[in-house]
Amino acid sequence: MKIKKFFVLFLAAFGFVLVANNVSTAQESSADTKKYAVVDVKKVVNSSKSVKAIKEERNQQNEAVAQFIKDANVQIAAQKDKKKQDELKKKLNNDLQYMTKTYNQKYKENLLKVNKEILTDIAQVAKTKNYDLVLTSDAVLYGGDNITKDVIKEVK
């Protein structure tokens, strides 16, 4: 009876070692077939027409704010009554805060949208070329195929 238990335990242990060895061998062989890529995200972002359009829109918004402030100062200086001048300052300041808040919100939404589009384009290129993992080129010292040019072609 003791020999039978020993034999069963021995077979179980041997089977466990065999299965563990096969699992690690399978993991090693599947790791050998993995394809890795890198992408220079900064380069992709800088070449994006959408990002350029967002930057241009942001510059126009900044110019509009600067013009608003200039016009507000002229209006305030033209108002001679101190009480009315204070009321005008308060109103114009509220208008300026609303304007900048609106512009900032729109800018943030546009950036998030473009970020999502770029990430989708990177994923699409990776899937098309059968890559298992894509990292930013800033995070990789060596290795991986550079797919930056392919991603730039996809990005709008």
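Computed from the coordinates by the stated procedures, all read-outs in this text should not be read as laboratory data. As the structure is a computational prediction, the values presented were derived from the model and not from experiment. Methodologically, a virtual Cβ is constructed for each residue, glycine included, from the backbone with ideal geometry; neighbour enumeration extends over all protein chains shown.
Before moving on, here are some points about what is shown:
- The stretch between A78 and N94, if pulled fully straight at 0.36 nm per residue, gains 3.9 nm over its current Cα-Cα span.
- Local charge for E57 was computed over the other residues whose Cβ lies under 15 Å away, with Lys and Arg +1 and Asp and Glu -1, and equals +4.
- Maximal additional length on extending the Q124-Y107 stretch stands at 3.6 nm, based on 0.36 nm per residue less the C-alpha distance.
- Full extension of the chain segment joining E87 with T136 gains 12.4 nm, where the gain is 0.36 nm per residue of separation less the Cα-Cα distance.
- With 21 Å as the limit, the listed pairs K42/K116; K70/K106; K127/K156; K55/K108 have K70/K106 beyond it between alpha carbons.
- Spin-label model distance (nm) - A66 vs K116, 7 Å beyond Cα toward Cβ: 3.3
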